[in-house]
1. If P138 satisfies every condition in (1) farther than 27 Å from V174 by Cβ; (2) of a type outside the set (D, E, K, R); (3) part of a loop (DSSP other than H, G, I, E, B) but one, which is the exception?
2. Among K69, K96, which is within 30 Å of V129 (Cα to Cα) and assigned to a helix (DSSP H, G or I)?
3. Could you tell me whether M121 is surrounded by fewer than 17 Cβ atoms within 10 Å (Cβ to Cβ) and more than 29 Å from the chain's Cα centre (by Cα)?
4. Kindly indicate whether K165 is surrounded by fewer than 12 Cβ atoms within 10 Å (Cβ to Cβ), farther than 29 Å from Y39 by Cα and charged (D, E, K, R).
5. Within the range 41-78, can you find the residues that are over 18 Å from D28 (Cα atoms), touching a residue at least 24 places away in the same chain (Cβ under 8 Å) and surrounded by fewer than 14 Cβ atoms within 10 Å (Cβ to Cβ)?
Amino acid sequence: MKKEDIDNLFNKPIEFKIPVRDKPSINDFYTTAEVKEKYGVKDSWIFHIAKEHNIPRTFHRGKTYWSKKHIDDYFAKKAPDPEIKEWYSTQDIQEKFGMTLTAIYSFVSKNAIPKKKVGIMVYYSKKHVDIAKGLIAPEEPKYYTIAEAMERFNLTRDQLYHYVKYHNIPRIKVGKYTKILRAELDKFFEPPKIE
């Protein structure tokens, strides 16, 4: 390689263009007051989660506006399971089980008990607390045998095994029999809902 070639590289550089990505514009916003009213949180908590999760915001005439999509997505992830209907408050757990607040927080954290927050009150799933305390036995998942599933959904053995394998439907082996998780198989074969 000659010295001239190296000099030419620097004397006549190739123009480099940085690709520009167009970010979709955000047009829907909540004011801080609307977020507080809709989700029952405080100002400081809104700013905390916005900073932690990079939620876009803008300021206009002394008000802070938050991206509606990002706020809704964040709180949708935090929403409690809609199938849980009964809840204990911390006071209920204290009275029923004679636990301190510290013991309750440790207990629910250790046992991953679902919770929901309404204003400043925190509620814990009654069913999960009772199972963790041993008051009720946990529900065993229900299974179809291969013959039951074939009859129920009018399938051949090969078709059934194909669906189970291709769609990763959980199954267990009990002795020489294979059983398929009933809830998952029912969900897979239920007719689609058009809304």
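The values are calculated or read from the model by the stated rules, or taken from the named source; none is laboratory data. What you are looking at is a predicted structure, and each value in this text was computed from that prediction instead of being measured. So basically every Cβ, Gly included, is an ideal-geometry build from the backbone, and we count neighbours across all protein chains shown.
1. (1)
2. Testing whether each residue is within 30 Å of V129 (Cα to Cα) and assigned to a helix (DSSP H, G or I) leaves just K96.
3. Taking the combined requirement at face value, the residue does not satisfy it.
4. Values: surrounded by fewer than 12 Cβ atoms within 10 Å (Cβ to Cβ): yes; farther than 29 Å from Y39 by Cα: yes; charged (D, E, K, R): yes.
The answer is yes for K165.
5. none
Residues checked against (1) modelled with pLDDT of 90 or more; (2) within 26 Å of A76 (Cα to Cα):
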position	(1), (2)
F97	no, no
T102	yes, no
S106	yes, yes
K115	no, yes
Y124	yes, yes
K133	no, no
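Quick grid of which residues meet (1) touching a helix residue (DSSP H, G or I) at 6+ places or on another chain (Cβ under 9 Å); (2) in a helix (DSSP H, G or I); (3) within 27 Å of K38 (Cα to Cα):
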site	(1), (2), (3)
E83	no, no, yes
Q91	no, yes, yes
I104	yes, yes, no
H128	yes, yes, no
Q159	yes, yes, no
I169	yes, no, no
P191	no, no, no
